[in-house]
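The next block holds one structure in the form of structure tokens; read it before the comments.
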Amino acid sequence: MNYSLNEICSKFDIDPTIGSYGNGHINDTYLCQSNPNYILQKINNVVFKSPEEVMENISNVTKHLKEKIREAGGDPERETLTVVPTIDGKNYYKDDNGNYFRMYKYIENSVSYDLVEDPIQLYYTGKAFGKFQNMLDDFPAEKLHETIKDFHNTPERVNQLLAAMEKNAAGRLDSVKEEVEFALEFRKYASIITDQMAEGTVPLRVTHNDTKLNNILFDDKTNEGVCVIDLDTVMPGSMLYDFGDALRSGATSGAEDETDLRKIWFDIAKFEQFTKGFVGEMRDTITEKEAELLAMSALIMSYECGIRFLADYLNGDVYFKTHREGQNLDRARNQFKLAKNIESKLDELNAIVNKYLV
Ligand code: ADP
Ligand code: GN1
Ligand code: MG
């Protein structure tokens, strides 16, 4: 670590007790205990090539959200992130080594989950992500920077996997034959969403693009979704990305890196609760094609995430944080198991979607 956390905090005029926090795969997150508490993050500038643009997006998006929350009689300090400025009035601090830091107000009395047992949590999750998308419905998309190019362009993600196989940077290709075989077989699903977007039947919307379960804070008493966080990838995209990604991470039976694949399956009860919450919020704007592809989007987003993990494993674990050898491969296998399981349940899942569309 080539920086002093206390010195960074002083740039935001805060003098806290600092500790690592959360389970995100991308940024370095710290809880700053003081009165009040804050969240400090070192922005991953390998993943986000322009942290300045990320912060400009977040400032504009949270300003818009706060207005909407105020109009609806909510609490704008609790229901979306609040960026804390530096003493120079900027929305990030860049140190002499080129590290970028940002500070958020800590959302008190809230909790995030990597995995939930009770399907009702997925109802609250669906409602929160649906509401989030609704509030951004009239956000001017042209104001947003594309913080990661082709983020959910699944065919392009396939190309990235093929490039990683070709390069074989970590010398691991021989050990992942089965996984590569699966990735190539399921390639047949890769362009379903992008093709429809090109046709215009699936509209471009302002979306979150990283609707992982632990990117929501729940109220620790009522269990309701309080705040959608991790706004680094808010960009124009498809509703299907947000729906599918939330389900691949939320409607699973086990941890994302579970090594015993017998413990991993797609949980229909969780899917149903999420669908009820999300569709309940989005019913008025959802198009026919979007509705038709909701269940399929869970398969595609599981597949896409799986090939990203596999590519990163082949590249030598350079993108997602890992805490042990083979973790990205375990994550890839896990997502592939989900994709396969969703494939076998598509009829049942579509019937559930139709139930909540009317
Ligand atoms: P990453 O991009 O690495 O996933 P996140 O922004 O999702 O980072 O933050 C990681 C974790 O930190 C979250 O899952 C959540 O538990 C916690 N967290 C982040 N921001 C806040 C906040 N403002 N208040 C409370 N907890 C937060
Ligand atoms: C990353 O940052 P985090 O942990 O919320 C990743 C997502 C993946 C997810 C897989 C910017 O999300 O796209 O789906 O890991 N975020 C980025 O767990 O790449
Ligand atoms: Mg996160």
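The values are calculated or read from the model by the stated rules, or taken from the named source; none is laboratory data. Please read these numbers as outputs of a predicted model, since none were measured by experiment. Here the Cβ positions follow ideal geometry from the backbone for every residue, glycine too, while neighbour counts run over all protein chains shown.
Here's the yes/no breakdown for (1) out of contact with any strand residue (DSSP E or B) (no Cβ under 7 Å at 6 or more places or on another chain); (2) without any contact (Cβ under 8 Å) to a residue 24 or more places away in the chain; (3) more than 11 Å from ligand 2 (Cβ to nearest atom); (4) not in a loop (DSSP other than H, G, I, E, B):
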residue: T201; (1), (2), (3), (4): yes, no, yes, no
residue: N209; (1), (2), (3), (4): no, no, no, no
residue: F218; (1), (2), (3), (4): no, no, yes, yes
residue: K221; (1), (2), (3), (4): yes, no, yes, no
residue: Y241; (1), (2), (3), (4): no, no, no, yes
residue: L247; (1), (2), (3), (4): yes, no, yes, yes
residue: T259; (1), (2), (3), (4): yes, no, yes, no
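For segment 55-99, a residue qualifies if it is touching a residue at least 24 places away in the same chain (Cβ under 8 Å), out of contact with any Leu (no Cβ under 8 Å at 6 or more places or on another chain) and over 19 Å from Q41 (Cα atoms), and the qualifying residues are K68, I69. Checked against the criterion of being modelled with pLDDT of 95 or more, among the aliphatic types (A, V, I, L, M) and either more than 16 Å from ligand 1 (Cβ to nearest atom) or more than 30 Å from Y38 (Cα to Cα) (or both), segment 244-253 has at least one qualifying residue.
Within the option set G277, G306, being touching a Lys or Arg at 6+ places or on another chain (Cβ under 7 Å), in a helix (DSSP H, G or I) and surrounded by 23 or more Cβ atoms within 10 Å (Cβ to Cβ) holds for one residue only, G277.
Look at (1) more than 16 Å from the chain's Cα centre (by Cα); (2) surrounded by fewer than 23 Cβ atoms within 10 Å (Cβ to Cβ) and you find that P236 fails only one, number (1). Within segment 8-49, the only residue that satisfies the criterion of being of a type in the set (D, E), away from ligand 1 (no atom under 14 Å from the Cβ) and free of Cβ contacts under 8 Å to residues at least 24 places away in the same chain is D15.
Residues are listed down the side, and each one gets a yes or a no for (1) assigned by TED's automatic domain parsing to the domain that holds E224; (2) surrounded by fewer than 24 Cβ atoms within 10 Å (Cβ to Cβ); (3) acidic (D, E):
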{"site": "A255", "(1), (2), (3)": "yes, yes, no"}
{"site": "T259", "(1), (2), (3)": "yes, yes, no"}
{"site": "I264", "(1), (2), (3)": "yes, yes, no"}
{"site": "E272", "(1), (2), (3)": "yes, yes, yes"}
{"site": "M301", "(1), (2), (3)": "yes, no, no"}
{"site": "V318", "(1), (2), (3)": "yes, yes, no"}
{"site": "E325", "(1), (2), (3)": "yes, yes, yes"}
{"site": "N334", "(1), (2), (3)": "yes, no, no"}
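Restricting Y30, Y21 to residues that are under 25 Å from the mean Cα position of the chain (by Cα), within 15 Å of ligand 3 (Cβ to nearest atom) and farther than 29 Å from K127 by Cβ narrows the list to Y30. Does D284 qualify as being part of a loop (DSSP other than H, G, I, E, B) and either assigned by TED's automatic domain parsing to the domain that holds N23 or over 16 Å from Y303 (Cα atoms) (or both)? The answer is yes for D284. Is it true that F266 is at negative phi and either within 16 Å of ligand 1 (Cβ to nearest atom) or more than 20 Å from the chain's Cα centre (by Cα) (or both)? Taking the combined requirement at face value, the residue does not satisfy it. Every condition in (1) over 29 Å from R248 (Cβ atoms); (2) surrounded by 14 or more Cβ atoms within 10 Å (Cβ to Cβ) is met by Y104 except one, and the failing one is (1).
Selection of first residues in segment 159-184 that are in contact (Cβ under 8 Å) with a residue 24 or more places away in the chain and of second residues that are among the charged types (D, E, K, R) and outside any helix (DSSP H, G or I), restricted to Cβ pairs under 9 Å at least 6 apart or on distinct chains, gives the following pairs, ordered by first then second residue: Q160/D150; A170/D317.
So, V46, is that one in contact with a helix residue (DSSP H, G or I) (Cβ under 6 Å, 6 or more places away or on another chain), under 21 Å from I229 (Cα atoms), within 14 Å of ligand 2 (Cβ to nearest atom) and not aromatic (F, W, Y) or not? Criteria not met by V46.
For segment 1-43, which fully contained strands (runs of 3 or more DSSP E) count at least 3 residues that are within 21 Å of G98 (Cβ to Cβ) and not assigned by TED's automatic domain parsing to the domain that holds I229? Correct list: 28-33, 38-43.
Annotation note: Cβ proximity below 6 Å between a residue of segment 289-314 that is among the aromatic types (F, W, Y) and a residue that is within 16 Å of ligand 1 (Cβ to nearest atom) and modelled with pLDDT of 95 or more (sequence gap 6+ or interchain) occurs for F309/N328; F309/R331; Y313/N328.
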